[in-house]
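Written below as structure tokens is the structure these notes are about.
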Amino acid sequence: MNIAGGKESVSGGDPEGAQRFAGEVKFVSYYAQKLADILGMRGLVLGIVEDREGQTSFRSTSSGCHGSVSGNKRSLWQVRESLMKS
Amino acid sequence: MSLNSLIAAAAALQRLEGVAGIVLFKGKNTVHKQMPFSDGRTLDLQETVGQMMDGYRQVRRKMRQIYLEFDGGTLLILTQEESILVLLLTGRADADLVSSAAGVLMNDHALLLAQLSTDAGSSQGKTADGIEELVVTSPRRLQEMSEKAEPVVNNWGQVRKVIESILGKVMGRAQASNLIDRTLDEEKVADPYRLTASQVRKLAETIIEHIPNTSKRRQLLTELESHLEELNL
């Protein structure tokens with residue numbers, strides 16, 4: 001799934017998953033920017049959010065965000081690798 | 001209620017490679033903090049992470065962990081009820097190993113964490129005469145803890161990388177990754193980080209034994225053997 005230019009234009013996946021993904025990215029990105037400012041860093045490169053239901057993962061690039069919502073729990077390293085390759 | 005064991009365990013986490021800082025807190029109550037910047041900045045960090053977690057709590061989401069990789073470092077946030085553990089990682093950290101060890105810490109001290117107050121300063125360890133208690137986490141104590149924890153949290157992250165690089169010689173990366181996951185399912189391994197050293201070794205060999213070509217398989221098993229020795233398995 002992709003979010004283009006930070007706007008709510010979501011492509012790929014089922015509508016419910018896409019909606020959840022967009023909401024998650026927006027929420028995490030908001031707090032991540034605040035945390036980056038506190039840490040003296042520029043911004044978020046990659047995020048993985050894990051709850052009891054599964055994982056939402058995304059990568060931020062200059063052209064937008066891409067990632068996925070998954071019911072499976074993969075290792076952080078594995079999720080990171082697949083996001084960096086895509 | 002003594003927090004010594006909890007603080008010692010948190011300090012031991014910081015000794016894992018690539019862990020640059022740690023904060024454990026519940027509401028406004030800071031249990032342990034050791035960050036490579038000022039207390040003010042650490043407090044800002046706690047407040048922001050706290051607000052983020054409150055957001056999830058409001059919609060009744062049971063969060064486990066959040067991994068935020070920034071351009072200059074990574075924040076790994078683990079949560080259990082209202083208690084929050086924040087770890088600042090460098091690029092040298094094995095995030096899966098740190099996550100697993102931090103999860104063990106939170107689970108082992110779940111009862112203690114549940115009893116903690118959320119009020120500021122309530123875990124400062126001050127006695128009636130106002131003198132602050134100093135918890136000494138001596139290298140010996142930390143070494144004992146690491147040894148004790150070893151069978152529980154292994155270096156599966158590194159072993160997996162080794163297996164993937166070995167399998168990469170005979171198949172694509174995605175295929176190698178799928179083969180490892182499939183074997184984990186077949187062997188009914190829910191959490192490979194909880195296996196003992198001998199179980200990790202056996203699992204690694206089982207994965208390589210899926211290679212159908214006999215001579216190739218032997219060659220890869222020999223290669224695996226030398227890598228496992230380097231990893232002290």
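The values are calculated or read from the model by the stated rules, or taken from the named source; none is laboratory data. The shown structure was predicted, so the numbers you read here are calculated from the model rather than taken from an experiment. Neighbour counts are summed over all protein chains in view; Cβ atoms, including those assigned to glycine, are modelled from backbone coordinates with ideal geometry. Protein only, heavy atoms only, side chains kept; ligands, DNA and RNA dropped before computing areas. Shrake-Rupley method; radii C 1.70, N 1.55, O 1.52, S 1.80 Å.
Key figures for this structure:
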item: Protein-protein interface of region B:88-111, residues with accessible area decrease of at least 40 Å², isolated chain reference, 1.4 Å probe; result: B:D96
item: Local electrostatic count at B:L224 - Lys and Arg +1, Asp and Glu -1, tallied over other residues with Cβ under 15 Å; result: +1
item: Cα-based Lys proximity count in chain B, under 24 Å, for pairs eight or more positions apart or on separate chains; result: 15
item: For a label point 7 Å along the Cα-to-beta-carbon line of B:A114, residues of region A:47-63 with backbone N under 14 Å; result: none
item: Exposed trypsin sites (Lys or Arg not before Pro) absent - longest run of chain B, DSSP non-H/G/I/E/B, at most 16 other C-beta within 10 Å; result: B:93-168
item: Whole-number accessible area per residue in Å² for region B:156-230, which is evaluated in the context of all protein chains at 1.4 Å; result: 54 Å²
item: Cα gyration tensor shape of region B:152-198, rounded if a/c is under 1.5, else prolate or oblate by comparing a/b with b/c; result: oblate
item: Förster radius 51 Å - calculated FRET efficiency between B:D54 and B:K202, Cβ distance, rounded to 0.05; result: 0.70
item: Folded to 0 to 90 degrees: helix B:139-149 orientation relative to chain B principal axis, Cα; result: 50 degrees
item: Accessible area buried at the A-B interface, both sides summed, 1.4 Å probe (Å², nearest 100); result: 3200 Å²
item: Whether chain B is rounded, prolate or oblate, judged on the alpha carbon gyration tensor where a/c under 1.5 counts as rounded; result: prolate
item: Residues losing 50 Å² or more accessible surface upon assembly, region B:16-49, compared with the chain by itself, 1.4 Å; result: B:R41, B:T48
item: Shape category assigned to the protein assembly as shown from the gyration tensor of Cα positions, a/c cut at 1.5; result: oblate
item: Percent accessible area from carbon and sulfur atoms, the protein assembly as shown, protein chains only, probe 1.4 Å; result: 48 percent
item: Degrees between helix B:197-208 axis and first principal axis of chain B (Cα, 0 to 90, nearest 10); result: 40 degrees
